[in-house]
Amino acid sequence: NAGVTQTPKFQVLKTGQSMTLQCAQDMNHEYMSWYRQDPGMGLRLIHYSVGAGITDQGEVPNGYNVSRSTTEDFPLRLLSAAPSQTSVYFCASRRDREWPQHFGDGTRLSIL
Amino acid sequence: LAKTTQPISMDSYEGQEVNITCSHNNIATNDYITWYQQFPSQGPRFIIQGYKTKVTNEVASLFIPADRKSSTLSLPRVSLSDTAVYYCLVAGAAGNKLTFGGGTRVLVKP
């Protein structure tokens, strides 16, 4: 049981490049989320999903796309990377809204 | 979405009890209160969750008054390894829209 797995752990991009951050969970959780965390700050919700085929926007969705074709996977796509998207990205999952979230170890993304 | 307010930082010493209070004045009837711990370079980790009164587990206690407008996380006899950022969350009624505030940086000194 690996929990929530995020890949890659580190990535450097140039402005304008595209990239997909991967997130997979093996706990059969319906709810999955993506957050970004900037230095010294809390986590801000980007997008979330309450089940396969269902996604919705969080606080800071601009510049990011998501899809949820399976229960296990919830990839986050940056279509045209900008320096303002330099951050640490965390993926989380949980069984339902009354259960605590399980977080991955994060992806550190730098955009030059 | 219920907004939360926590102290920015707290200092303590090994063996002391640490109490962190979170304000959430506009908490909704169906909202839960959850606390997470985050170490540098790691994702947040669940500590404790409650709805009302008092909840206790092997690492912490959570006190919630009757009006539920605040909650207090209590860490008994802290050690150096408890140095971390602690987040208070109020579960949004609209599905998965959880709001993380800025958290409280707890520094445990020898």
Query raised in the report: Distance from the Cα centre of the stretch B:1-64 to that of the stretch A:1-42, in angstrom?
Result: 24 Å
Query - Lysine pairs with alpha-carbon atoms under 17 Å apart, chain B, spacing 8 or more or separate chains - result: 4
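What FRET efficiency comes out for B:THR29 versus A:THR70 if R0 is 41 angstrom and r is the Cβ-Cβ distance? Round to the nearest 0.05. Each step should come with its number before you reach the end.
Numbers: r = 34 Å, r/R0 = 0.83.
With R0 = 41 Å, the Cβ-Cβ based efficiency is 0.75.
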Report summary line: In whole percents, the bins of 5 Å from zero upward hold the Cα-Cα pairs of chain A as 2, 13, 24, 27, 19, 10, 4, 1
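Counting only heavy atoms of protein chains, what accessible area per residue, in Å², does the stretch A:2-112 have with a probe of 1.4 Å?
Numbers: 5080 Å² over 111 residues.
I get 46 Å² per residue for the stretch A:2-112.
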Query raised in the report: So how far apart, in nm, are the two label points at A:ILE54 and A:THR5 if each is 7 Å from Cα heading toward Cβ?
Result: 2.7 nm
**Report entry** Neighbour count of at most 15 Cβ within 10 Å plus DSSP loop: longest trypsin sites (Lys or Arg not before Pro)-free window in chain B
**Finding:** B:4-51
Report task. For the stretch A:26-84, would you read off the P(r) tail past 17 Å as a percentage of all alpha carbon pairs? Result -> 40 percent
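How big is the A-B contact in terms of buried accessible area, both chains counted, 1.4 Å probe, rounded to the nearest 100 Å²?
1900 Å²
For chain A, calculate the relative contact order in percent as a whole number, restricting contacts to Cα pairs under 8 Å that are 6 or more residues apart.
After rounding, I find 36 percent.
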Query raised in the report: What is the spin-label model distance, in nm, from B:GLN16 to A:ASP38 if the labels are put 7 Å beyond Cα along the C-beta direction?
Result: 3.3 nm
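The values are calculated or read from the model by the stated rules, or taken from the named source; none is laboratory data. Fair warning: this is a prediction, and the values are worked out from it, not measured in the lab. A quick note on method: Cβ atoms are made from the backbone with ideal geometry, for glycine too, and the neighbour counts reach across all protein chains shown. Remember, those area values only see protein heavy atoms, side chains included, never the ligands or the DNA or RNA. Shrake-Rupley method; radii C 1.70, N 1.55, O 1.52, S 1.80 Å.
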